[in-house]
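See structure below.
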Amino acid sequence: MTVRIGAEEEFHVLDAESGRLVPRAGRLLERLGTTGFSSELQQSAVESNSEVHDTLDGLYADLSGTRRRLAAAAAQEGLAVVAAGTVPLARVTPRDVTADPRFRRMAEEYRRVADEQLICSAQVHADVPDRDTAVRAMCLVSPWLPPLLALSASSPYWLGSDTGYASWRTMLWQRWPTAGPAGCYRDAAEYDAAVAELIGSGVISDTGMLYQDVRPSAHQRTLELRIGDACPRAETVVLIAGLFRALVRDACHRLERGADPRCDGHHEWLRAMRLARRALRPRRPAGRPVDPPRRPAHLVLRRMLHRLRPALEASGDFVTVRDLLDEALAAGSAADRLRRTVREADLPTGIDLLVTETRGDRLPARAAARRPRPQVATRHADGRSRLHPVTAPGTPG
């Protein structure tokens, strides 16, 4: 079975001079047009939708091209874009909700939760044969999703302060009624009945508010991964997409062989593991074992690579995923890199790092430690800084 993949990425819109989040997504969308781009709940974010791809190389080229278009359009408006779970400098206000009836209804009903929805994620779609398979596969892939969150973690800062978490976006996101582990269902009919109860009771208003870590798409024959932060480096999205595709392929194969998708119901462990407080190097919790075992994320990811090798090779992804995982584990998560840069320089330099990586450029190793502490005024309208030499972006594989 060919398992095609696609990705949706959300981007924060920043003022290029100050590095602060600004509600100017409308201006950016006017320049970009609506093809492949859309608005979000807050006017400070835009979403992009990739094409459907057979290969990770194709997905990478698509995501990289989209980021270049976004960066160029943003520069013309004196803006910059950042793919990260949160950005360090933002303002919470009820006035910046996008003028859409559905968004306005959500803002009125959820108030402070909606006001603080200043977060961005990356979502990955993988083909499944049918909706029943998608629903049954959720239970098989769910235990392996917290390490993917650790890979994506990019949101340690919130409203100017270090939260102590690698993914503060996760903490904000989990306040929505349906956010978290998906649970297990016998088939699509049982899942759809549960969704109908949520809507009928008024807990959520529509299927678009199903915010589980993984869910069957309402409009496509895919399983959708939703657990991760938006990622500054496109390579990280490609790595996560490759691992998720392998998880879905492996789950479908197990179901074909008669595997029982029913779990033991201990989703409190999945919720605890998904917080990614320590990103790629979490503390080892004690207690009841689950599959996969609760070990540091980098060890689980190595085990995952080994376990999924047949599925990765079936898609032609093994070498690319192995090399990208080696690079990700060596460099640390985006949260690690951001904290390191802020520690060695300052917060404006950390914001520059997010802008630079989102654009597709790379800072030389230890560059932040060598340079003097820059001022915010050194950032220019095109999003670049003279203090930031860059190298050509790498490609996966």
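The values are calculated or read from the model by the stated rules, or taken from the named source; none is laboratory data. None of the values given here were measured: they were computed from a predicted structure. For neighbour counting, all protein chains shown are included, and Cβ atoms are generated from backbone atoms with ideal geometry for every residue, glycine included. Areas reflect the complete protein model, heavy atoms only, side chains present, ligands, DNA and RNA absent. Shrake-Rupley method; radii C 1.70, N 1.55, O 1.52, S 1.80 Å.
Placing T55, T35, T170, T133 in order of accessible area, with the largest value first and a 1.4 Å probe, yields T35, T55, T133, T170.
Between A7 and S50, H125, the built amide H atoms are under 5 Å apart, and every one of these is 5 or more places off in sequence or on another chain. Compute log10 of I(q)/I(0) for segment 88-183 with the Debye formula, placing one identical point scatterer on every Cα and leaving out solvent, at q = 0.12, 0.22 Å⁻¹, to two decimals. Debye curve over Cα of segment 88-183, log10 I(q)/I(0) at q = 0.12, 0.22 Å⁻¹: -0.53, -1.19. Normalised by the number of residues in segment 146-270, the average gap of Cα pairs under 8 Å and 6 or more apart makes the relative contact order 30 percent.
Derived scalar couplings between HN and Hα for segment 103-119 equal 5, 5, 5, 4, 5, 5, 7, 9, 6, 4, 4, 5, 4, 8, 7, 9, 10 Hz in order, rounded to whole Hz, by the Karplus curve 6.51 cos²θ - 1.76 cosθ + 1.60 (θ = phi - 60°), x for Gly and Pro. Each residue of segment 126-139 is assigned a 3J(HN,Hα), and the resulting list reads 10, 4, 9, x, 6, 5, 4, 5, 4, 5, 6, 5, 3, 5 Hz, derived from the Karplus form 6.51 cos²θ - 1.76 cosθ + 1.60 (θ = phi - 60°), x at Gly and Pro. Simple spin-label estimate for D323 and E190 gives 4.3 nm between the two label positions (7 Å along the Cα-to-Cβ direction from each Cα). Taking amide H as placed 1.01 Å from N in the peptide plane, the amide H of L159 sits under 5 Å from that of A90, each at least 5 places away or on another chain. Rounded to the nearest whole Hz, the Karplus-based 3J(HN,Hα) values (6.51 cos²θ - 1.76 cosθ + 1.60, θ = phi - 60°) of segment 345-352 follow the sequence 10, 6, 5, x, 5, x, 5, 4, with x at glycine and proline. Near T55, no amide H atom lies under 5 Å from its own; only residues 5 or more places off or on other chains count, and H is placed 1.01 Å from N. Using Cβ point charges alone (K and R +1, D and E -1), the dipole size of segment 22-122 about the Cα centre works out to roughly 440 debye.
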